[in-house]
Structures are given as structure tokens and as C-alpha cells.
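The values are calculated or read from the model by the stated rules, or taken from the named source; none is laboratory data. What you see is a predicted model, and the numbers here were worked out from it, not measured in a lab. With ideal geometry, Cβ positions are generated from the backbone for all residues, glycine too; neighbour counts draw on all protein chains shown. The accessibility values were calculated without ligands, DNA or RNA, using every heavy atom of the protein model including side chains. Shrake-Rupley method; radii C 1.70, N 1.55, O 1.52, S 1.80 Å.
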Amino acid sequence: MLDESFQWRKEMCVNDLTESSIPRWLLEIGGIYLHGYDKEGNKLFWIRVKYHVKDHKTMLDKKKLIAFWLERYAKRENGKPVTVMFDLSETGINSIDMDFVRFIINCFKVYYPKYLSKMVIFDMPWIMNAAFKIVKSWLGPEAVSLLKFTSKNEVQDYVSVEYLPPHMGGTDPFKYSYPPLVDDDFQTPLCENGPIASEDEASSKEDIESDGKETLETVSSEEQTTLLKKINLTEHTSKAEETEKVDSKMKAFKKPLSVFKGPLLHISPAEELYFGSTESGEKKTLIVLTNVTKNIVAFKVRTTAPEKYRVKPSNSSCDPGASVDIVVSPHGGLTVSAQDRFLIMAAEMEQSSGTGPAELTQFWKEVPRNKVVEHRLRCHIVESSKPTTLTLKDNAFNMSDKTSEDLYLQLNRLLESNRKLEDQVQRCIWFQQLLISLTMLLLAFVISFFYLLYS
């Protein structure tokens, strides 16, 4: 299997596949692309069959397009499965291409194993029943169970209406176009560096209580800049004692359970943002960025659901060797979804560059795309009232230092006991293997003894 996979990657030049490797007309037609998420939070890999016409001359290019998208996704998501959406609406006999279908199946069976969550087949014409009986024969029993044949009513069992196009009964306004490449549609969050002027009064009060600020309704642009600097732990000011207390409390949470070590920033958590469920009352979570370079690093935070979240700060900079705490909270009582994603973009700045809002805006307009480092985070909802990661409750900033230290000590003791347990298990396994070896040796001795005795 390894040999076959390496041979395939070499023949298809998978490692060198880029946007320019694919004929432009194939990218423009919109027959194959990634967009949206299913109800389990898996990316949707769309195959619009009506745009496919069986043609041996273009077959290799179409296979390369499949490989291009899968490889691009695999490098970004690191093992997260995809849901293949076979859209067979408005499909005729000319679109049936069993060789192409076999190639797609082999991609998930051999070249990208474990990447397939399920294959949703929508609105299959009766004329293709025989064709899909052949497809089932290519799949094992487990893979057959991943096939989901759906109509307009059933497809919503797997994908919510917000990610379904109108012809599937959905409300997604997305329309494919190229260029640029269709990506995850990350956008700037609703509340970039503080509440917007049009927010209702109740929402403002909630924000005031949770952040420990006196008022946010009449903040000038100059004061907003000051607040932004207070969140950045590298720029200490002596303006308000309350703000200093907030900063000290936030430091208590900077003991991450997982860290992604990038070339510019270390990002914690590494893969998933943990939010509490509605019942648990936990609303906020932290992203901790640490600059590991010798220059200032500019960063931006974007999300696939900008109307749902407040991110503070979402567009700022981090000094060399310093850390920044980014507070992420759901907005206006909206619920967190496993389908939501966050994108952290980072780029190195020159020492002479300013870090004010105007300078940062100009910097992001001019920075080359190949100089921008990106990292994606998924959302995860913790059902338990005691989540296992960096989740902030509304009254987290009011926790005493002693409570935070006690929690940290308890965590350390738990990890230490876990390590001891692992050592004991390893010793048991070693002892068991030694016992088996001695038993086999004794058995061999007994057999040899009786063989010599009776021969």
C-alpha cells in the first residue's frame, strides 16, 4: 500500500501540484471545490457531476484537480475528515464516468485513507442505479456504510441549510467563481477591537461586566487604541488598577495544554478552541500568541462565522519574545457550532514600521502573500461543566490568584499521577513479556529433554 501510494504521488507529481498546474478552464467551471461544513464539522468536498463530461483527453487534468484539492486540504487540516458531496442534480448519461468515480474512491481508499467521513449522494437519477451497484462492489462493507443516498428532504440530516445551496433546499448564498481559489471564506469578526456603535444596550452591558471595564459606549478612537495596548501584555501602562488586575488574572490562564509551534508565532491551543455548552455557562476562551522571532509580528484573526463572535484584539501586533492574549466570545447569545473555524494570519514587520491601526491596515495591503503564515483552529463544545482546556467563565477575571494556583497544582498532580500510571503499565507489559519468554524457554527445554530421553 505504501509503495502504491508513493508511485501514485510520483506519477501525479502530487507534491508539486499548484494552482498553475491545473488548466484555468477546469478551475473556472466550478465542478470540484471545497466549501462549507457538515453537521459534524467536517469540510464539504463538492463534486458537481453535471459539469463533468467523459473525455479521455481531459481525464488526467481532472484527476490532478482532485489530487490538488485533497493534498491542499490534507496539508492544512492534518487528518480531519471530509464529507464528499456528490451532487447529481441535472445530470445526464454523458456525465457517467466509472473510471473517474473509481479514481475518487481509490484516493480515499489508498492515497488518503481515513480522510473520508461520508459520501452524500444527492438526487441520483434512476438511470444511475446500475452504475452505483458497480461502485458498491469496489468498496468494502465498512465503506458502503459511508454512502448516504439523499433527496432534498434527507440531505439536511447531514448538512445544515446554511451550507446547502437553494436547489438542495438550503439558504447558502455562495456562488462559485474563479479567481481566486475558493477557500474557507474567513472574514473579519463582527467586533474587531471593541463593540460597534450599533450594538444594543444589553449587549454592551454584558461586555462591560465580562471585561471589567467601566464603560464602552462613549469610547473614542484614541481610548480604543489604549485598551488594545492593555490587552497586549508587552505594553504595560499604569493607567487603571482594574486593567492591571485583569491582565494579571489572564496570565493565570496562560498554561496551555497544547501549543502549535509555527515559524513566527507559537499558538495555543494548537488545534481546537474549547467553548462550554449553554448549560455550563462558560462563554469565553483564550488564544495565546507568542512571538518567537526577533522582529515585530503583525497578526489578524478571522472566522467563518463573523456575526457570531467577538474577538479582542483581532488585528494587532506582537513584540519580539512577547505574548498576546486574544479573548474570543460568542456574541448576543448565539451558540457555538463545531462547523465554525478561526484563521490566524501572521507576518513579520520591519523594525521601522509603525503598529498603529492605519499602519497595520497599510501593511496588510502591501505584504506579499507568500510572507503570510496561516494557522486554522476548529471549535469544540464541551458538554461537561468542567472542560479540560482554556475556557474562561464570565467571572473568570474575578478568580483569586490562590484559586488559579490551586487549579494549576491539581492539574500538575493529575499529570504526574498519569505518568506514574503509564510507567506501571509499561513495567507490567515488560514483566509479562519476560514471563512469556521464560515460559517458552522452559517449554523448549522440556521438549528437548524428552526428545533426547526417548530417541
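Give me D for region 1-168 in µm² s⁻¹, whole number, from Stokes-Einstein with Rh from the Kirkwood sum over alpha-carbon pairs, 10 °C and 1.306 mPa s. The partial results should precede the final answer.
Values: Rh = 16.5 Å.
It comes out at roughly 96 µm²/s.
Explain nothing, just the number: dipole magnitude of region 1-168 about its Cα centre with +1 on each Lys and Arg Cβ and -1 on each Asp and Glu Cβ, in debye rounded to the nearest 20.
Details: 24 positive and 21 negative charges, 37 e Å.
Here region 1-168 has a charge dipole of around 180 debye.
Can you list residues from other chains, or at least 5 along the same chain, whose modelled amide H is less than 5 Å from the amide H of LEU147?
MET119
Among rounded, prolate and oblate, which fits region 15-88 when a ≥ b ≥ c are the square roots of the eigenvalues of its C-alpha gyration tensor, a/c under 1.5 means rounded, and a/b larger than b/c means prolate? Walk me through the intermediate numbers first.
Working: a/c = 2.38, a/b = 1.33, b/c = 1.78.
In terms of gyration-tensor shape, oblate.
From a point 7 Å beyond the Cα of ASN15 in the direction of its Cβ, which residues of region 70-114 have a backbone N at a distance under 16 Å?
Backbone N within reach: 71-72, 75.
Give me a comma-separated list of calculated 3J(HN,Hα) values for region 376-382, in order, Karplus coefficients 6.51, -1.76, 1.60 applied at θ = phi - 60°, integers in Hz, x for any Gly or Pro.
Karplus values, whole Hz, x for Gly and Pro: 10, 10, 9, 9, 9, 9, 8.
Ignoring ligands and nucleic acids, what accessible area does TRP138 show with a 1.4 Å probe (Å², nearest 10)?
Its accessible surface works out to 50 Å², give or take rounding.
Amide H to amide H under 5 Å from TYR309: which residues, 5+ apart in sequence or cross-chain, H placed 1.01 Å off N in plane?
Distant-sequence amide H within range of TYR309: LEU190, HIS331.
HN-Hα J couplings of region 61-74 from phi, Karplus 6.51/-1.76/1.60, θ = phi - 60°, integer Hz, Gly and Pro as x?
Computed from phi, the couplings for region 61-74 are 5, 5, 5, 5, 5, 4, 4, 4, 5, 5, 5, 4, 5, 4 Hz.
Using 0.36 nm times the number of residues separating ALA322 and GLU4, minus their current alpha carbon distance, what extension gain do you get? If you can, show how the numbers build up before the last one.
Details: separation 318, 0.36 × 318 = 114.48 nm, distance 4.67 nm.
Extending this stretch completely gives an extra 109.8 nm.
Could you do me a favour and compute the accessible area per residue for region 260-381, 1.4 Å probe, result in Å²?
Numbers: 4780 Å² over 122 residues.
Solvent-accessible surface per residue comes out at 39 Å².
What are the residues whose amide H is under 5 Å from the amide H of ASP340, where those residues sit 5 or more places off or on another chain and H is modelled from the backbone?
CYS379
Using a 1.4 Å probe, how large is the accessible area of HIS380, given in Å² and rounded to the nearest 10?
70 Å²
Per-residue accessible area for SER323 at 1.4 Å probe radius, Å² rounded to 10?
20 Å²
Heavy atoms only, probe 1.4 angstrom, no DNA, RNA or ligands counted: give me LYS75, LYS133, LYS109 ranked by accessible area, highest first.
Solvent-accessible surface, decreasing: LYS133, LYS75, LYS109.
Going from most exposed to least, what order do LYS308, LYS114 have by accessible area with a 1.4 Å probe? Don't skip to the end; give the middle numbers.
Details: LYS308 30, LYS114 175 Å².
Heavy-atom accessible area, descending, gives LYS114, LYS308.
List, in order, the whole-Hz ³J(HN,Hα) value for each residue of region 19-31 obtained from phi through the Karplus relation with A = 6.51, B = -1.76, C = 1.60 and θ = phi - 60°; use x for Gly and Pro.
4, 6, 6, 9, x, 4, 5, 5, 6, 6, 5, x, x
Starting from the Cα of ILE93, move 7 Å in the Cα-to-Cβ direction to define the label point; list residues of region 113-154 whose amide nitrogen is under 20 Å from there.
Under 20 Å, as judged by backbone N against the label point of ILE93, lie 124-135 of region 113-154.
Kindly sort TYR33, TYR115, TYR158 by accessible area of their heavy atoms, largest first, with the probe set to 1.4 Å. Show your work: numbers first, answer last.
On the way: TYR33 15, TYR115 40, TYR158 65 Å².
Result, largest first: TYR158, TYR115, TYR33.
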